[in-house]
Structure formats: C-alpha cells, structure tokens
Amino acid sequence: MATYDWLFSTLGLEQWCGASGGSAPTSLSDLAAQSRGETGEQAVDIWELPFPSMDALNDACPAFPQSRELTLGLEEGFLDIKDTLSVVLDPITQPLSWALDAALYGILNTPWWIVIPLLLAITWAVSRSWGLLAFVAACILGLAFIDHYDYAMQTLAIIFVCAFICVLFGVPIGIGMSRSDTMQNATIPILDMLQTLPPFVYLIPLIFLFSVTEPKLYGIAIILYAIVPVIRLTNLGIRMVDKNVIEAADAFGMTDRQKLFGVQIPLALPNIMAGVNQTIMMSLAMVVIASLVSAPGLGVLVLRGIRNLELGVGLVAGLGIVLLAVILDRVTKASLARINATHKA
Amino acid sequence: MRNDRDSKTTKIEIRHLYKIFGPHPEAMLEHVHAGMGKSELMETHQHVLGLSDINVDVKEGDITVMMGLSGSGKSTLIRHLNRLIDPTAGEVRVDGENILDYDERQLRHLRRNRMSMVFQNFALLPHRTVRENTALALTVRGESRADYEQEAARWLDRVGLGGSEEQYPHQLSGGMQQRVGLARALASNAPIMLMDEAFSALDPLIRTDMQDLLLELQEELSKTVVFISHDLDEALKLADHLVILKDGYVVQQDEPQRILLEPADDYIVDFISDINRARVLRVRSVMRAEGEARGGVTGEIGPEETLEEVISKSGGDTSCSFLVQQDGRKLGVLDMNDVMRALVPTGASEHGLRSRASA
C-alpha cells in the first residue's frame, strides 16, 4: 500500500485507478519490502511522509501519470508539430544559411592579402586611431602566423553575419518596445528568458527542427542568444532621449517619422552602439558552443582540445577567441567614443 | 494703451480652460465647478488641479506675459496653446478657430507654420549644428539645405551669432544656446511665438541682454508673443498685457502699470512689494491729463519715460513740474509730488504670504 491510498479512496476514485491499487509491486522498494515480508500496512511514519508529487500519487493509483510522462508528453508534442513547424520555419530561415555559407565561402576564398588589409581599413574607418590599428594588425598577423588564420576568419565571418542580423531585427524591435508599454511588458519576459536560458538548451529543439549540417542551426542559436542586448539598449536609449528635446520636436510639428529618424535614433545612437558591442561579445561567447552543432571556426579547435585532451590546441584556440573578443570590443568601443564626442548635450 | 488693447485684433482666445491631472479628470470637473480648490481636490480626490477657468485674450502684436510662482500652472497653460497638453475642458481659439477641433494634420500645420516656441532648457538638438538647429522649422517643412541656409544665417546674424553656424550646441554658452533657440523660433517665420521661461536659466546680465534683444526684435517684427516668466521685473519690462496666475487660476490680468497701481488682492500686493517702482512706472500712468503745472514748467518729457528717468531729469528737485508731450501734442502735466506719491511702496500686505512667512 502507498501513502496516498486514502486520498483516492475518500474521493471514490478507486474504480478509475483500477482495482489493483497496490497489489502489483512496481518499484524496487516495493519488491524489497515484499521480500522482507512486510505488507506495507504499518502506520505511516510522519517523518517519512513523501510530498504528494506525481510519482507518489502514481504509487497509490497507477492511473495517475508519472512525472516522466510530462517531459515525455512535451517531447511527443514537439515531435508531432515539428514537421509542420519545419515547413514554416525552413523557408523563412533559409536566407540565414545562405548568408552564413556565403560569408564563410567569401572570407576563405579571398586571398589573405586582401582580407587582412580590408579588416584593417574597416578598423581605421570606424576608430581613426593608429594605436588600435597597430594592435588589430598585430593580433590578426599573429593568429595567421600560427596557422589559425582560417579558423579565426570563419569565426569572424559567423559573428559578422549574426551580429548584422541581430541589429537588423533587434533595433526595430527595440524601437517598437520604446513606443508601446504593452509591447515592452510583453517582450521583457521573453528577453529575460533568452538571456538566462542555458545556451545548450536552445540547441535541443533546434536540432530537432533543422538538420545538423545546416549553418542556420547554429546561426539561429547565436542570434537568439546575442540579440537581447541590442533590443534592450535600443529601447532604453530611445526612452532616455531628453524629454525637452522631444517636446521641442513636437512643438515644431515634426511627424513621428521625422522625430524617430531625426531625433530619437541619432540621440539613442550611443546606447544602441553599446548594445551592438554587447551583442558582438555575446555572439562570440556562443560561437564555441555552436561548434557542437557544426559551426566552423576556433570553437572547433577548442572542442578538439577538450575531446582529445590536446591541451595546447585548446588553449591556443581559446586565446585566439580572447584576442578576437578584445579586437571587436576595442573597435566597437572606439567607434562608440567617436559617436559620443559629437553627442554631448 | 488700454484703449489700444480694445482696438487690437485678438490672436488667441482662451475660454474657460480647465486642466486636471489624474486618472479621472472628467469626473473631477464637477467638483471644480462646484468651487473646490487645488489643495482640497488633492486631499479628497488625489487629483491635481492644473488650470481652473482660464480666460485670456492674447492680442496681435502684443507681448502677453503670464507669470506666477512655480506650480501656478503657467507652463501648463502655454503648452495648451500648441496642444503639447490637451485640456480637460474649455476652448483655445487661434485666429477664431478652436484648435481643439483640429485633427493631427491641421495641428501639425499650426505648429509648423503659425506658432514657434522657445524653451527654458533651450532644447536644441545636440547632434545638429547651430545652422541645422536654427533651420529646424524649415527642414521640418521639407525645405532643402540650399533653401534654408540663407534664412538660417540671416536670423543667426540678427541674434548676434553670425559665424557660429558650423558649431554644435554644446560648444556654446547657455546664453548663446538660447540665442540659437530664439533664432530657431524666428526662422520659422510664424506669427505667434511662445516663450516658456525662455530667459529664466540665464545669468542676470545675459538675461537683460536677451530681454533687450527681444524688445528690439519685437519693435521690428511685431509678433504675437506669449511669454512665461516667474520673474516680476522681467514680466513688467516685457509685458503689454500681464496675466498673474496662482494655483491654476488667474488672479489679475491687466496692463502692468495698472496692476502696480491697483493691485487686485493681497497676493498681488505681496508680489509687487519689492519691485523698483521708479523703473517700472511710466509717466503716462501717473501724469494728470488736466490742469496746469503747479510750479513753473521745468521741462518736457514723453509719456513712455519711466519715473526713474524723470527723477534723473529733475536732478532730485521735488519742486519741479514737467510737461508731458508726444509728437508735439500736450498730453498732460506731471509734478514731482505726483511722482513721489506713485513711488510710495505698497509694502507687504498684512494677511499675505510674506507676513505669514516672517511671523
């Protein structure tokens, strides 16, 4: 007999549970108790009273579902809708695969003596700082010298594509949130969830939905993880624009569109750029995890280091990721500082 | 002057304007109609009475100053004129049209073409150059750079900022920023200019400069100006018509000279008690239109001269008398005795705020 037999008997549900309440021993402890000659009829010790959880109730009444059935139900439910979901999601996300493939192909098939100067030119264009330029050059040339050039460029290509898409979607979502409190209240819990959910958890449903060989699988995982800061900071930046300036814009008869593009976005730009910086950093953090699902780049080397216990490979690749992070951070921060300089209130 | 006022066209009419802040403003309206005051409404219903039964005529070409202490509702009131705030009840008529009936497009047209505004905190766009800021109204209307460049330069020159077109607002001092604010409002070429405590954030000296600049520009442009201020000296200097607000209602509105000479209640008396009357009162408001000068006439003065100027002309001799003349026409006479009588300070009223504060 199980602890909560009385519950079902007082509710008159024995019929529903099935006549054989506890007669067929199902668990190992039941069997053990039986072999020891115990009948299970002894008085219930209050100290050992189990919480009336699904499993405990199942003991008393086999018709009651076990908790494993909950997760199983989720799994089956997901598998049932997966095909229809794929039909919808596949075409929508296909451009992401193309973009990632194209970026990876492009960066690997362009000679290094074009790619490296191009990257340096970008650095110069956004930062206008000789010191930073020298630092970036040293890092990239160093990585290339130790034959990590291809891996580093793959990682960089993935980050560029994902960060670009994050900005493409994140900024409009942030603008939407800043204009409607309802949308803000609805979006913030989702953002909180995306930010706190362990990154591996994203991968599980994605693996079911898409084939592991498709780049969009890791693309989506990176984007979901990294899009949060740019949304948050766009929202915050626009909400923090000086109310007096907005009032002046209204008083001079600006339309909503003129206000958005002429006042709010330019004044929120420092915050939006801080969000972009964070987004890039977070995509870089995700890129190693994404290597579990076939993302190329330095993450592959890190995983190889872990899998084969090749300490040197893992460490050097890890260090390479740190260097990339520092480069990306400094370059975006330098451009942020330049924007700030023209935005003093 | 007062007869003048009747002959001028009314540009803006404010009629029975109420503004109540809180979750259920309409429901509170009947309490206010029943005579409930600001503090009582706050206590019993947690609603803030912003404006209560405001009726003001703003005449074309006048500077109408609305003044009051902070919390008197003056900034709320001026924002009703271009509907940055919508009222709970009442009408605002501009050129005879009730702007509360305007749809979004008409309202935008009103703000773009018929009204401009100068703000206490300047509210310039920090990411745009002085030129682009000045041309804000023009760019909002869709004019291209080639069109607005000259216009902006002209107004910047007019407010004394020629040559700073390429600078950013943060590179300018507060006074210069407000000159840009003024140029921005003028460049819109709107007949009505709203000025919300436009000079309050400036140093006293720069403030005087700006007031002189405004008067000078007004001489030339004759805009309809609604000016908000908490500074009585400023209000008296600028106003053709002065509206004094307290706790959301109009205590007294009249020509400033008349308010000084005939304060309506203790509140006003308190307000005007430490004003330099000699600098504010003008000959026309204290002269005698009839009769002869008591002593011999020592000189001629104009009606718009202040008593301070008269005193300096008299050299301190209290037996002097002056002939008041305008365009060679005799308007009246002014004895120094009349001057002295007009200068007797009102003193703080016995039951007013000030005596309570000092008790």
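Per-residue mean of foreign Cβ neighbours for B:107-113 is 3 (Cβ atoms of other chains, 10 Å radius).
Sequentially through the stretch B:196-208, phi angles give Karplus couplings (6.51, -1.76, 1.60; θ = phi - 60°) of 9, 6, 4, 10, 5, 8, 9, 4, x, 5, 5, 4, 4 Hz, Gly and Pro residues having no value and appearing as x. Once all protein chains are placed together, residue B:311 keeps about 50 Å² accessible to a 1.4 angstrom probe. Computed from the Kirkwood radius of its Cα pairs, the Stokes-Einstein diffusion coefficient for the stretch A:73-341 at 10 °C and 1.306 mPa s stands at 79 µm²/s. Karplus-derived 3J(HN,Hα) values for the stretch B:99-109, using 6.51 cos²θ - 1.76 cosθ + 1.60 with θ = phi - 60°, are 6, 6, 7, 5, 8, 4, 5, 5, 5, 5, 4 Hz; glycine and proline are entered as x. When every Cα-Cα distance of the stretch B:1-137 is counted in 5 angstrom steps from zero, the calculated P(r) takes the values 2, 8, 16, 18, 17, 15, 12, 7, 3, 1, 0 percent. The B-A contact accounts for approximately 1900 Å² of buried accessible area, totalled over both chains at a 1.4 Å probe radius.
Counts of other chain beta carbons within 10 angstrom of each beta carbon in peptide A:239-246 average 3. Here is how the number arises for chain A: DSSP H runs of 4 or more residues each give -39500 (n - 2.57), the sum is divided by the residue count, and the result at 222 nm is -25500 deg cm²/dmol.
Per the Kirkwood formula applied to alpha carbons, the protein assembly as shown shows a radius of gyration over Rh ratio, Rg over Rh, of 1.18.
Listed by chain and number, the lysines placed with their C-alpha closer than 21 angstrom to that of residue B:330 are B:313; residues fewer than eight positions away on the same chain are left out.
When chain B is treated as a Gaussian network with alpha carbon springs shorter than 10 Å, the biggest mean-square fluctuation among B:132, B:255, B:290 belongs to B:290.
Exposed loop sites here are GluC sites (Glu not before Pro) in DSSP loop states with at most 16 other C-beta atoms within 10 Å. What is the longest stretch of chain A lacking them? Kindly include the intermediate steps, with their values, before the conclusion.
On the way: sites that count: A:38, A:41, A:310.
Longest gap between qualifying sites, sites excluded: A:42-309.
Close amide H contacts of residue B:320 (hydrogens built in the peptide plane, cut-off under 5 Å, sequence separation of 5 or more or a different chain): B:336.
Whenever you get a sec, line up A:124, A:6 from highest to lowest accessible area (probe 1.4 Å, protein heavy atoms).
If we order A:124, A:6 from most to least accessible, we get A:6, A:124.
Note that the stretch B:277-343 carries a Kirkwood radius of 11.4 Å, evaluated over its alpha carbons pair by pair.
Among the listed pairs A:259/B:223; B:19/B:237; B:38/B:59; A:243/B:19, those with a Cα-Cα distance over 23 Å are A:259/B:223; B:19/B:237; B:38/B:59. I need the shape label for the stretch A:180-291. Rule: rounded when a/c is under 1.5, else prolate if a/b > b/c, else oblate, with a, b, c from the alpha carbon gyration tensor. In terms of gyration-tensor shape, prolate.
Derived scalar couplings between HN and Hα for the stretch B:55-72 equal 10, 9, 9, 9, 8, 5, x, 8, 9, 9, 9, 10, 10, x, 6, 5, x, 7 Hz in order, rounded to whole Hz, by the Karplus curve 6.51 cos²θ - 1.76 cosθ + 1.60 (θ = phi - 60°), x for Gly and Pro. So, in Å, what gap is there between the alpha-carbon centers of the stretch B:226-267 and the stretch B:149-222? So the separation of the two Cα centres works out to 24 Å. Database remark: amide H of residue B:61 closer than 5 angstrom to the amide H of B:224, B:225 (H placed geometrically; neighbours at sequence offset of 5 or more, or on other chains; Pro and chain starts carry no H). When only the Cβ of Lys, Arg, Asp and Glu is charged (+1, +1, -1, -1), the dipole of the stretch A:73-341 relative to its Cα centre reaches about 820 debye. Excluding residues fewer than 8 places away in the same chain, name every one of the lysines whose C-alpha is closer than 19 Å to that of residue A:333. Straight-distance partners of residue A:333: A:344.
For the protein assembly as shown, the Cys residues with no second cysteine's beta carbon closer than 4.7 Å are A:139, A:162, A:166, B:320. Under 20 Å of direct C-alpha separation, and excluding same-chain neighbours fewer than eight residues apart, residue B:8 reaches these aspartates and glutamates: B:57, B:60, B:62, B:95, B:97, B:219, B:220, B:240, B:254, B:255, B:304. Two tests apply to each whole DSSP H helix in chain A, Cα reach of 27 Å or more along its axis and mean Kyte-Doolittle hydropathy of at least -0.5, and the ones passing both are A:67-109, A:149-179, A:215-239, A:265-290, A:311-341. Seen from a random direction on average, the alpha-carbon convex hull of the stretch B:46-200 projects onto 10.5 square nanometres. At a probe radius of 1.4 angstrom, the accessible area of the stretch A:73-341 per residue rounds to 48 square angstrom.
Among B:186-194, A:78-86, sorting by the average number of other beta carbon atoms lying within 10 angstrom of each residue, highest first, gives B:186-194, A:78-86. Here the accessible area is traced with a 1.4 Å probe on the protein chains. For the protein assembly as shown, carbon and sulfur cover 58 percent of it.
Averaged over the residues of peptide B:124-133, the number of Cβ atoms from other protein chains lying within 10 Å of each residue's Cβ is 4. Treating only the Cα positions of the stretch B:1-77 as identical point scatterers, give the base-10 log of I(q)/I(0) from the Debye formula at each q in 0.12, 0.27 Å⁻¹. Cα-only, vacuum Debye calculation for the stretch B:1-77: -0.43, -1.27.
The values are calculated or read from the model by the stated rules, or taken from the named source; none is laboratory data. Small disclaimer: the values here were computed from a predicted structure and weren't measured. Every residue, glycine among them, receives a Cβ derived from its backbone with ideal geometry; neighbour counts consider all protein chains shown. Accessible surface areas use protein heavy atoms only, side chains included; no ligands, DNA or RNA. Shrake-Rupley method; radii C 1.70, N 1.55, O 1.52, S 1.80 Å.
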